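What follows is a set of notes on a single structure, which appears directly below.
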Amino acid sequence: MEAWDLQRELARNRALGEIPDTLLLLEHPPVYTTGRRGAGSNLLMTEGALGAPLIETDRGGDITFHGPGQLIAYPIIDLRAARLSVVSYVRSLEETVMRTVREFGITSHTECGLTGVWTGETDGKGDKIAAIGVRVGKPAGSSGGWVTCHGLALNVDVDLTWFERIVPCGIADRSVTSIAAETGVKPELAGVAGQLASSFGAVFGREMIWPCGPASGTSETTRTSTTC
Amino acid sequence: MAYTLTMPEVGETVTEGTIEKWLKQPGDKIEKYEPIVEINTDKVNVELPSPVSGTVKEHLVKEGDTVLIGAALATIDEVAGEKPADIAPPKPTEASAALAPAPAPPKETISATTKTAGNGRDDGANRATPRVRKLASELGVDLALVTGTGPRGRIVEEDVRAFAESGSKTGAATAVAQKPAATPHPPAKAGADEEAVALTPIRKTIARRMTESAAVPVAWLVIECDVTGLVALRSARKAAFEERHGIGLTYLPFAAHAVSQALLDHPYLNATWAEDKIILKKRVNLSIAVATERGLMVPVIHDADRLSVTGLALAMTELGERTRDNKLKIEDVEGGTFTLDNTGAFGSILSQPIINTGQSAIITVEAITKRARVVGDNAVGVRSVVNMCLSFDHRVMDGHQAGAFLQDVKRRMEAYGPDSGLD
């Protein structure tokens with residue numbers, strides 16, 4: 001919840017032009033989240049038996065899991081200042097993830113109609129290695145910028161059994177995977193965070209600056225921004 | 001009078017969206033730009049603001065409904081006299097459509113996909129009348145990027161105004177208006193015995209800033225300083241300094257000290273051109289050019305005038321390390337008022353530095369060399385000399401102020417001797 005509040009605060013600051021575009025990188029304690037449509041039939045057991053809280057959020061997308069071993073990235077970007085359309089932004093996020101996992105030797109692809117990043121090269125095959133759920137709005141309520149919230153979740157070394165208690169993102173016939181499951185290597189989250197930030201910089205054409213140094217541990221938000 | 005809220009265009013390939021949640025119910029008061037409904041498209045939740053103020057009258061669609069672009073969503077009894085705002089999320093432009101190149105080996109030439117001219121033409125000038133071109137130049141709009149809505153793609157006044165408003169404000173605020181792109185040719189492709197190197201973000205930034213600086217009318221002055229005393233001073237103190245502070249003692253902190261002190265007496269060198277005025281900066285924030293393998297970076301020592309030679313040496317070493325380790329903070333690269341560049345490190349004896357964006361001057365310290373010079377009335381001796389080269393913005397000052405500043409710096413550089421204090 002703290003992260004959610006932090007995002008909204010930052011989004012408002014961004015819309016008011018008080019801070020530059022920012023990328024938050026963090027790790028959550030175990031939680032299931034849904035978009036506005038709720039979990040509905042995508043819960044495979046009762047809410048009480050899940051083992052982690054179930055929270056409705058204001059992002060797009062269906063039910064998913066966040067927890068230790070998963071890298072969460074929340075870019076807080078003013079789309080209007082960046083001259084990006086909403087769709088280009090989502091596609092760029094997917095591209096960022098694909099470049100990041102490529103560094104670990106994983107090929108991946110995106111599929112029309114199924115937001116997220118899937119392993120392998122063939123549409124209709126492969127497992128989901130990263131989920132994407134984005135919100136766009138004008139948090140300052142003024143004629144200012146359109147600012148993004150939420151973003152993506154990349155499975156690094158997360159315990160995949162958490163996903164067996166739900167139908168992730170409402171997609172019943174595909175599985176979920178992680179960098180560790182695909183490669184047998186368990187990279188440190190901080191290292192993957194650095195990778196992702198670099199890829200983000202490359203895809204979005206930005207210079208990334210770390211005000212506090214790259215995350216040295218989990219649950220630390222690191223801020224990156226553009227000097228352009 | 002009821003205003004009808006319709007579904008705006010959300011993205012170039014998106015034709016419909018689903019109503020996620022009504023944030024305002026019939027009977028609720030609403031302010032212009034206050035969020036009224038959440039719409040889900042392609043896994044993105046867009047929070048739509050109301051274009052008008054008033055009272056929500058009726059929902060024409062309910063949560064869970066899928067609606068097409070342009071469909072009526074709700075009616076609002078609007079407050080009279082207000083012009084409805086444009087509430088569509090940002091639309092893609094030519095530049096952004098090319099943002100995410102297809103997955104490919106990293107060596108792909110990204111440079112070819114950025115900033116291609118709108119409508120695939122070379123520059124916009126041949127699509128606009130002289131009056132429109134003049135307007136574009138006044139608003140700082142690059143015609144090559146504007147999509148024309150006139151007949152056969154001609155750019156009309158409205159296109160230029162809309163473009164200027166829509167976000168030509170990307171990038172750090174600079175006092176100089178954007179110069180229209182000077183390249184009429186599409187970028188070259190690498191040939192058979194050539195290699196294309198993709199542009200890193202830092203390279204693109206440097207290129208853009210240097211291009212902006214190229215629009216500044218620059219004049220250049222050089223002065224030679226006899227630093228035989230400084231060389232002796234450093235030789236004498238080097239070992240003890242290193243022992244005490246754990247870092248080497250170079251000539252740069254001495255130059256930085258001379259420059260920072262001199263700036264206090266020559267304010268026009270520590271200023272910026274602001275179109276209709278000159279802004280004199282009260283603080284002396286010295287930008288130091290640092291070469292890294294990623295490219296040139298220019299971190300800032302704030303209030304450099306308050307530091308001694310020792311303090312400057314420590315600050316420079318610390319900043320240099322953090323720069324090379326990619327650990328700079330925002331504050332480290334902001335607020336610089338004057339730049340010092342140690343071109344002497346390359347062995348250079350004369351160079352023409354480019355003024356940093358937003359500043360009015362930049363000085364280099366060239367290599368210190370031993371030369372034969374006239375000493376006394378008519379004897380010749382071996383002296384250590386160093387050139388310091390100053391580029392300055394001739395809109396802000398004339399040779400008079402620039403020269404006076406250089407004289408001051410020279411005097412200080414030549415005053416260093418074996419008895420000078422470092423702290």
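Computed from the coordinates by the stated procedures, all read-outs in this text should not be read as laboratory data. Fair warning: this is a prediction, and the values are worked out from it, not measured in the lab. Counting neighbours? That spans all protein chains shown, and the Cβs are built from the backbone with ideal geometry, glycine included.
So here's what we get for this one:
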item: Full-extension gain in nm, B:Lys238 to B:His394, via 0.36 nm per residue minus C-alpha separation; result: 52.2 nm
item: Mean-position separation - Cα centroids, region A:67-110 and region B:233-301, in angstrom; result: 39 Å
item: Cα-based Kirkwood hydrodynamic radius, region B:217-415, one decimal, Å; result: 17.3 Å
item: Among beta bridges that DSSP assigns inside region B:256-354, antiparallel share in %, nearest 5; result: 75 percent
item: Neighbouring partner chain Cβ atoms per residue of A:85-98, average, 10 Å criterion; result: 6
item: Compactness of region B:2-78, expressed as Rg and Dmax over alpha-carbon positions, Å; result: 11.5, 35
item: Ranked packing of A:167-175, B:372-380, A:186-194, B:235-243, most packed first, by mean Cβ within 10 Å; result: A:186-194, A:167-175, B:235-243, B:372-380
item: FRET efficiency, B:Arg306 to B:Val374 (Cβ-Cβ, R0 35 Å, nearest 0.05); result: 0.40
item: Per-residue mean of C-beta atoms belonging to partner chains within 10 Å, peptide A:146-159; result: 1
item: Net length gained if the chain between B:Lys57 and B:Thr6 were fully extended (0.36 nm per residue, minus Cα distance); result: 17.0 nm
item: Stokes-Einstein diffusion coefficient of region B:312-423, Kirkwood radius over Cα pairs, 10 °C, 1.306 mPa s, in µm²/s; result: 96 µm²/s
item: Exceeding the 25 Å Cα-Cα cut-off - candidates A:Lys125/B:Lys189; B:Lys204/B:Lys410; B:Lys282/B:Lys329; B:Lys277/B:Lys329; result: A:Lys125/B:Lys189; B:Lys204/B:Lys410; B:Lys277/B:Lys329
item: q = 0.13, 0.18 Å⁻¹, chain A: log10 I(q)/I(0) [Debye, one scatterer per Cα]; result: -0.72, -1.44
item: Shielding by other protein chains, B:189-202, mean Cβ within 10 Å; result: 2
